[in-house]
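J.: Below is a structure I'd like to ask you about.
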Amino acid sequence: MDFLPIFFDIKEKTSLIIGGGEVAARKAALLHKAGGRIRVISPHLCATLDSMLEKGSVEHIQRSYEDGDLDDSILVIAATDDSEVNRRVSEQAKEKNIPVNVVDQPELCSFIVPSIIDRSPVVAAVSTGGASPVLARLIRSRLESLIPAGYGRLAELAQRFRDKVKARFDNPNDRRMFWEKVLRGGVAERVFSGHMEEADIAMERALAESSPSSPMGEVYLVGGGPGDPDLVSFRALRLMQQADVVVYDRLVAKPILDMTRNDAERIYVGKERDKHAMRQEEINQLLADLAKQGKRVVRLKGGDPFIFGRGGEEIDTLSSQGVPFQVVPAVTAASGCAAYAGIPLTHRDYAQSVTFVTGHLKDNTTNLNWEQLAQPNQTVVFYMGLLGLPVITRELIANGVSPDMPIALVQQGTTEKQEVFTGTLATIQEVVEREKPQPPTLIIVGEVVELQEKLSWYKAPAEPKLGATTEVVGSYE
Ligand code: SAH
């Protein structure tokens, strides 16, 4: 390790910046955030520093650097474009044992400024020892996505409860275990979703019961997206890796199910057309019961839970039984399939609106507003439409859509088994009979489908990805 990472309290002390350009301004802003008193020495100030001066965030000495300027400062940053000045500042600071940073000249620095992830009071700093600031920034952006913005609030909560927890647990080991549990579990989740009051209540309860495991668990209604594991959101992944139980059905792609915690209990609740492994009411109650046993439950859904996912019914039951829950949105089949097939759902020239409808047949018919779906300049996406395709094409044509209207059928969109079949309302049934698409399939009707040939970009990999399987679990058709 070439540098010692430390966090430095600069409040109420003078930090010196030599130079008045944009780089100096960025450093000044950073020092200001940390509560420093900042003195800028430079004949000129850039607009940013000027406005900081107006606000009283910095003081300004309007001249070039002179020997003796360093006295009484606790750190100095040289950000001039005069290498002679930079070198002199560095030498003099080192002589006086004042920490010095010279921008972009690591050999002149006694300290370097890391890339920072600021979730105050949580701060993570990344450095490559000056080797590559760009790499440090790349690492930082990866960390950014791993550390939810709510971590700052979580640290504040921990600070508020610190003394109480200390008083409750004498043994440092018990204390550590308690903190590990609450900082990872339901309390933390309530903080991340912005429910600070509930988090405080849960914290008090965990303390009072002295057993940190809260008697009430929580349900996470998580959308897993259309199939490609890359499309799973960070929030979904975090909750999937926390949950004690995973309740899933057929539409969840196997690689996505594999992203859940290894030792989590997995409960399959089925759903094939007309062959429900469990009735919807039973699923609703199962989720509530598991949470009441203190478990953190992920209810994992294909696509987005609020789009033809019956998510509303499930959380309705939870809400009326007082079970805490959260909903994690996801890429729905329409956006996933459209994007991966190269079919923009709206387009200035062809479609000013898009409608998502279910093509699910009840008693061999559908109850849709065909007149509305037949209007021009729109795209209509049918979920669960493969079996009803003859009805869909017949009704659209009967309501005035041209038999030549383009239509696409996307099989297992975003997965390695994706196929896109196109035709017209008049010809698509023949295509289906010839190609026999595998569910799940999504149907897109509209002129935008014509763009597919030109805009298609996604090639399903020839070999299954490592760790993934070709098996796509499920459909509602
Ligand atoms: N909640 C899901 C939809 C559930 S309804 C979502 O937001 O996507 C089930 C229907 O979604 C299927 O019948 C099919 O029409 C469509 N579907 C889901 N995933 C799909 C995929 N990967 N490819 C094509 N269609 C898909």
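J.: So for the range 165-177 (the condition being of a type in the set (A, V, I, L, M), buried (at least 17 other Cβ atoms within 10 Å of the Cβ) and outside the structural domain of residue 241 (by TED's automatic domain parsing)), does at least one residue qualify?
T.: Keep residues of the range 165-177 that are of a type in the set (A, V, I, L, M), which gives 165, 167, 177.
Now drop any that are not buried (at least 17 other Cβ atoms within 10 Å of the Cβ), which leaves 165.
Still in the list and also outside the structural domain of residue 241 (by TED's automatic domain parsing): 165.
Scanning the range 165-177, I find at least one residue that is of a type in the set (A, V, I, L, M), buried (at least 17 other Cβ atoms within 10 Å of the Cβ) and outside the structural domain of residue 241 (by TED's automatic domain parsing), so the answer is yes.
J.: Would the range 355-365 turn up any residue that is surrounded by fewer than 16 Cβ atoms within 10 Å (Cβ to Cβ) and small (Gly, Ala, Ser)?
T.: no
J.: Let me ask you something else. Residues being closer than 30 Å to residue 462 by Cβ and within 16 Å of the ligand (Cβ to nearest atom): count how many of those fall in the range 388-408.
T.: 3
J.: Just checking, which of 359, 303, 312 is within 16 Å of the ligand (Cβ to nearest atom), under 25 Å from residue 457 (Cα atoms) and either more than 21 Å from the chain's Cα centre (by Cα) or at pLDDT 95 or above (or both)?
T.: Values: 359 fails: under 25 Å from residue 457 (Cα atoms); 312 fails: under 25 Å from residue 457 (Cα atoms).
Matching residue, one of 359, 303, 312: 303.
J.: Further question: Could you check the range 114-146 and list, in sequence order, the residues that are closer than 30 Å to residue 69 by Cβ and within 28 Å of the chain's Cα centre (by Cα)?
T.: Once the filter is applied, which keeps residues that are closer than 30 Å to residue 69 by Cβ and within 28 Å of the chain's Cα centre (by Cα), the range 114-146 yields 114, 115, 116, 118, 123, 125, 127, 133, 136.
J.: Which of (1) open to solvent by 50 Å² or more (accessible area, probe 1.4 Å); (2) over 25 Å from residue 339 (Cα atoms) does residue 258 not meet, given it meets every other one?
T.: Failed condition: (2).
J.: Can you give me the number of residues within the range 378-395 that are surrounded by fewer than 20 Cβ atoms within 10 Å (Cβ to Cβ), assigned to a loop (DSSP other than H, G, I, E, B) and without any contact (Cβ under 8 Å) to a residue 60 or more places away in the chain?
T.: 0
J.: Moving on. Being within 14 Å of the ligand (Cβ to nearest atom) and not hydroxyl-bearing (Ser, Thr, Tyr) is the filter here, so list the residues in the range 409-431 that pass it.
T.: 409, 410, 411, 412, 413, 416, 417, 418, 419, 420, 421
J.: Could you tell me which of the residues 113, 134, 123 is under 16 Å from residue 5 (Cα atoms), at pLDDT 85 or above, open to solvent by 40 Å² or more (accessible area, probe 1.4 Å) and not in a loop (DSSP other than H, G, I, E, B)?
T.: When all the criteria are applied, what remains is 123.
J.: Out of 208, 202, 236, report the one residue that is more than 24 Å from residue 415 (Cα to Cα) and surrounded by 15 or more Cβ atoms within 10 Å (Cβ to Cβ). Even if it seems obvious, please write down each step before you answer.
T.: Numbers: 208 fails: surrounded by 15 or more Cβ atoms within 10 Å (Cβ to Cβ); 236 fails: more than 24 Å from residue 415 (Cα to Cα).
Just one listed residue meets the conditions, 202.
J.: Ok, one more. For residue 120, indicate whether it is farther than 21 Å from residue 137 by Cβ and out of contact with any Phe, Trp or Tyr (no Cβ under 6 Å at 6 or more places or on another chain). So that I can check it myself, show each step before the final result.
T.: Values: farther than 21 Å from residue 137 by Cβ: no; out of contact with any Phe, Trp or Tyr (no Cβ under 6 Å at 6 or more places or on another chain): yes.
Criteria not met by residue 120.
J.: Another question, then. Quick check on this structure: which one of 222, 247, 298, 323 is outside any helix (DSSP H, G or I), within 13 Å of the ligand (Cβ to nearest atom) and at pLDDT 90 or above? Break it down stepwise before answering.
T.: Details: 247 fails: within 13 Å of the ligand (Cβ to nearest atom); 298 fails: within 13 Å of the ligand (Cβ to nearest atom); 323 fails: within 13 Å of the ligand (Cβ to nearest atom).
On inspection, the qualifying residue turns out to be 222.
J.: Tell me, which strands (runs of 3 or more DSSP E) wholly within the range 1-110 include 2 or more residues that are open to solvent by less than 90 Å² (accessible area, probe 1.4 Å) and touching a Gly at 6+ places or on another chain (Cβ under 6 Å)?
T.: none
J.: In the range 433-455, what residues are within 16 Å of the ligand (Cβ to nearest atom) and open to solvent by 20 Å² or more (accessible area, probe 1.4 Å)?
T.: 435, 436, 438, 439, 440, 452
J.: Does the range 271-283 contain any residue that is assigned to a helix (DSSP H, G or I), touching a residue at least 12 places away in the same chain (Cβ under 8 Å) and of a type in the set (A, V, I, L, M)?
T.: Scanning the range 271-283 turns up at least one residue that is assigned to a helix (DSSP H, G or I), touching a residue at least 12 places away in the same chain (Cβ under 8 Å) and of a type in the set (A, V, I, L, M).
J.: Of these, 341, 351, which one is open to solvent by less than 20 Å² (accessible area, probe 1.4 Å), outside the structural domain of residue 300 (by TED's automatic domain parsing) and within 15 Å of the ligand (Cβ to nearest atom)? Outline the logic, then answer.
T.: Details: 351 fails: within 15 Å of the ligand (Cβ to nearest atom).
Residue meeting the stated conditions: 341.
The values are calculated or read from the model by the stated rules, or taken from the named source; none is laboratory data. None of these values were measured; they are calculated from a predicted model. Glycine gets a Cβ as well: all are built from the backbone with ideal geometry, and neighbour counts include every protein chain shown. All accessible areas refer to the heavy atoms of the entire protein, side chains included, with ligands and DNA or RNA removed. Shrake-Rupley method; radii C 1.70, N 1.55, O 1.52, S 1.80 Å.
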